[in-house]
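Heads up: the structure comes next, in structure tokens.
Since every read-out is calculated from the coordinates, none of them should be taken as a lab result. Here the structure is a predicted model, which is why all the values come from computation and not from measurement. Positions of Cβ are backbone-derived with ideal geometry, glycine not excepted, and every protein chain shown enters the neighbour counts.
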Amino acid sequence: MLNLNNLSKIYRTEDVETVALNAVNIGIEQGEFVAVMGPSGCGKSTLLNVVGMLDRPSDGEYLFLGEDVAGYSERKLSAIRKHNIGFIFQNFNLIDELSVRENIELALLYHDISAKERKARAEEVMDKVGIAHRGKHRPSQLSGGQQQRVAVARAVVGGQGLILADEPTGNLDSVHGQEVMEMLQGLNEEGTTIVMVTHSSSHADYARRTINLFDGHVVTQSLRAA
Amino acid sequence: MFSNYIKLALRNMLKNRLYAAINIIGLAIGLAVFLFGSILVDYERNHDSMYSKRDRIFTAGSVFGPDADIGVQETDSIYTSLAPLLENEVPDIEAVVRTVSIEFLLSVEGENDGYYQSITFADEELTQVFDFEYLHGDARALDDPSSIILSESIAQKFFGRTDVVGEVLTLDHKDDLRVAAVLRDIPADSHFNSNLFGDREPRVFAHLMTLETIRDYDLAENWGNLSMGDLTYMLLPADRDRQWLSEQINAVYQRHAPKDQLEFIPRLKVRPLVESNTMIWEAIGIPAIDTIWLLGFMVLVIACVNYTNLATAQSLGRAREVGLRKTFGAGQGQLLVQFLVESLTTAVLAMLIAVACLEMVIPAFNQWADKALTLNYLDVAPFLLLTTVAVGITAGAYPAYLITRSSPIDSLKNAMLKGGRGILFRSIMIGTQFAISIFMLASVLVMYFQNQQVEKSSNIFPKSNILLLERVNVDDIKARHVTLRQQLKAIPGVSEVTYSSQVPFEQSNSAGMVSRKKGDEAGSILLGYMNIDEGFLDTYDIALRSGRSLTRDITNDVRGEDAEQVNVILNQLAIETLGMGDAQEALGQSYFSVPDEDDEDPIVQFTVVGTIPDLNIKGLHNKIKPMVFILNPNFLRTASIRVEGENLSDTLAEIEQVWKQVNPEYPIQQKFLDEVFGEVYIIFKTMNNVLAGFAFVALSLALIGLFGLAAFMAEQRTREIGIRKVLGARVDQIVRLLVWQFSIPVLWSLLVAMPLAFAASGQYLNFFDDRITMLPLIIILASVMGLVAAWLIVAGHAVKIATASPIQSLRYE
């Protein structure tokens, strides 16, 4: 589905140059569930941001569904992102002024579909993650686990084929964390590609392949035994 | 503790430099404008402090009846016949001093050359009422009726020195007056120097009896002539007040005034001397001084609202800090004090900047307006302090209360950040600011267009092509009228010359009662009149509607002293009012004069030989009246010279030459007709400019405030914007989102501002006869301008926010 070829990301400030990703080569197939692990500061989030087209690589190639998107403008990236990629963040990143339903619909707001269809799809996905009964509530009224479920719903409501999850269980207790992982697993079984950054090796086990990063390099990749 | 707060306040300001700057500068501007307005108002209400008896000096003015219809509601003078009556019948008044100011040619005895000078003729108690500063001579100066008192600069002008007591000056080369005293030039903040606009002229005083002798005036019998600026002063004893004087003077007036005068002027209005400066504004019906204060106050309100709004928004962002402090044990009271100290510190800094601005603006203003405003710190310090504290507390109270109110945990969680009530409050504040600004803007535009209209209408007369020679009815000059005209017309650039009693745009009114049927007093109407000569219609491009012009060749066309049959020209309104049919039918018809009750003059028959259309002779805001034009060679005060062609400067030089030849002993006094227009028009133009200045400041403040708030709110929504971008929003979608947030209050403000502007402008337009018709359109224009300005400000900043990469925004926390 996507290929990073010799991809580098370097952050430059006035005095300091930080190499976040150092000529990495990563390929991810459609339908894979990949975990990315490594110590703090190794470049995991940067990797996710580049893959998610939220950030541009400094060097190298990024092929997404066969296209090299490395040099694309923000507008083009936004269009690709809209239709293909869903994001889940550690701190949920829901909008507090909007209700749960509105938060989910927000993801469809920027697609060209009718309000009726938007509502229908939102309902559908809310049922799927089991949050429909809280549709009218504000995020601040929900528990962490429920908020993350809303985030998951938002990430898939547009029919996106790829989910990028940045430490999705980082703010959750073990029970809710597990719930979220099982949700992700379910999605993956339906065909959604998932790339997940995590600190927890037990959660990484839900993934089929784990990539270990250290100081911007891919150090090892391991496959879970079926 | 306190110094701690102040240190904190200053550090906070440094941290948020942009918002602090917006706050301080906004407040500074508001304070500067408000203070300036207050100082100006105070000045206008406190002049003449150099006269020790000031608080006992009163003047009286005449209030015109509703049917008087002369364009102003009142004037600052009363008939000179009243003074002797007052002295007889109200002995408690210590002194009554009439003044009449008239221009004469003043020359040093024996010399042919001289200067025109306005001389104020007064009763001798003038020096008793006003204790002038004498360089030479003293208060007995007017004891001798043939005296003249000079200001020092006048003495310098004529003699090159000031110790000129005993020297002789001649009026119009005929009458001698002896200099009895020389005064220090009267300071700027005296009503003697309050010319509305225009150059201050040093004063020359003489005895009223001189005027009576020279001009054969009988001031005690004058129930017909009033001139603005010819004040009658009354000095009251300490135990009498304005109310008493008003009753006394009106009683005397009612007792003695002729009946038709009582209709024309139903009552007299008494004012203390300090109110005389503002009188002219009241006459026109515009409370200028109060308005200036109000405008200044409105600007201050906008500035304070800015501060409150921004501070409220910012305070929400500091909720975490407050929560933290509370966990360390700070009570709500202490926190309130801390935040109030911050707003007071801002206010103090703003005040310092405002005062610094005033130090620069006031001298410039004094120069421009010829006034003497001062910033006297000793006097003004309490007021400054009070204003600073009031502003600091008012503006800072609500934000301080808002932020210190919540529980520690809520503050730490920033839970209040999105309060619905907070949003409503801020929206109302923005709405108020814009309502005020758009109201002002609309008023400015209306004024501007009306002024344009006035200027346009004034072009019915070719005012830039007409040169006026003034004061040509002095005996010597009058005798040479025919010669002068002949020689002037010989100049190639001169196409016409005419003499008349007044010229267009001069604001004088002469009118008399006439009746259609002879002796019919009951059916008499007021007819305005103007004396002209045969060249008038051609000089001023006035086309006859019927009949012919007047000419000296026909006896009855010329009104001599005892003429009982006179031919005249009427305007359209006159023939309608007299019921003479249409323009053709009126020719040959007559009307009759209606002499005053005690007048022994015979009734004069006036026959119509020509009619002209209704023209607005006085221009500006005056309504067109029924008017008659008479050829009376004895009252032709001004010569109008129509100049055409390329070489204007040559023509002007030749005109001066001709004058010098024909009238060598009188310096030429010339000005173009558009100057006369300009002298009155400038009032309206200045009002417009002043209002525009205020509106500009108000709108700028409102926009600055909006910018600050928009920037801040956008910052608050950074994370949300990042999320939306991640979800696929485009730049223009985000911009629209941010702009819409502020459009709602602005749109609501339009609902308030537009009807108010409509009402206020309607009031203003009532002064004018020739009004603009597109009032609603103009108001809509102003509203659109305000709205677009608001959008541009918010959108500009929104674009910057919206184009930032989403990662920046999401990392924000």
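Once you sort the root eigenvalues of the Cα gyration tensor of segment B:67-145 as a ≥ b ≥ c, which label holds: rounded (a/c under 1.5), prolate (a/b larger than b/c) or oblate (the other case)? Oblate, since a/c reaches 1.5 and b/c is not below a/b. For B:618, B:174, the sequence from fewest to most other C-beta atoms within 10 Å is B:174, B:618. Counting only other chain Cβ atoms within 10 Å of each residue's Cβ, the peptide B:720-726 averages 6.
As a calculated quantity, the FRET efficiency between residue A:14 and residue A:214 at R0 = 30 Å, using C-beta atoms, amounts to about 0.65. Loop by DSSP (not H, G, I, E, B), at most 13 other beta-carbon atoms within 10 Å: where is the longest site-free stretch of chain A for trypsin sites (Lys or Arg not before Pro)? With a cap of 13 other Cβ atoms within 10 Å, the longest stretch comes to A:1-135. The gain in end-to-end length when the residue B:255 to residue B:781 segment is fully stretched comes to 183.8 nm, 0.36 nm per residue minus the alpha carbon separation.
With the dipole of chain B worked out from charges on the C-beta (+1 for Lys and Arg, -1 for Asp and Glu) around the Cα centre, which of B:751, B:46, B:128 lies farthest toward the positive end? So the residue furthest toward the plus end is B:751. Take every Cα pair under 8 Å whose residues are at least 6 apart in sequence, average their separation, divide by the length of chain B, and the relative contact order is 15 percent. Annotation: the residues B:738, B:424, sorted from fewest to most other C-beta atoms within 10 Å of their own C-beta, follow the order B:424, B:738. The calculated FRET efficiency for residue A:116 paired with residue A:83, based on their beta-carbon distance and R0 = 35 Å, is about 0.95.
Between residue B:760 and residue B:21, the FRET efficiency estimated from the beta carbon spacing at R0 = 30 angstrom works out to 0.35. Each residue, residue A:124 and residue B:267, gets one label point 7 Å from its Cα in the Cβ direction; the gap between the two is 8.4 nm.
Of all DSSP beta bridges confined to chain B, the antiparallel ones make up roughly 75%.
Between residue B:63 and residue B:42, the modelled labels are 3.1 nm apart [label points 7 Å from Cα along Cα→Cβ].
In this Cβ point-charge picture (+1 for Lys and Arg, -1 for Asp and Glu), the protein assembly as shown has a dipole of about 7780 debye about its Cα centre.
By the count of neighbouring beta-carbon atoms within 10 Å, fewest first, B:234, A:1, B:279 end up ordered A:1, B:279, B:234. Taking each of A:116/A:136; A:82/B:725; A:82/A:136 in turn, the alpha-carbon distance tops 20 angstrom for A:82/A:136.
Inter-chain neighbour count for A:94-102: the average number of beta-carbon atoms from partner chains within 10 Å of each residue's beta-carbon is 2.
Mean residue ellipticity at 222 nm, helices only, chain A: -10500 deg cm²/dmol; runs of at least 4 DSSP H residues each add -39,500 (n - 2.57), and the sum is divided by the number of residues. Please sort by residue number the trypsin sites (Lys or Arg not before Pro) in segment B:532-586 whose DSSP state is loop and whose Cβ has at most 16 other Cβ atoms within 10 Å. Listed in order of number, the matching sites are B:548, B:552. Find the percent of Cα-Cα distances in chain B that exceed 52 Å, and round it to a whole number. So the pairs more than 52 Å apart make up 31 percent of the total in chain B.
Rg/Rh for the protein assembly as shown (Cα atoms only, Rh after Kirkwood) is 1.17.
For a straight C-alpha distance cut-off of 24 angstrom, the lysines reachable from residue B:618 (same-chain residues fewer than eight places away being disregarded) are B:456, B:463, B:671, B:685.
Residue by residue along A:64-76, Cβ atoms of other protein chains within 10 Å of the local Cβ number 1 on average. If you count the DSSP beta bridges with both ends in the protein assembly as shown, what percent of them are antiparallel, to the nearest 5? Bridges in the protein assembly as shown are about 70 percent antiparallel.
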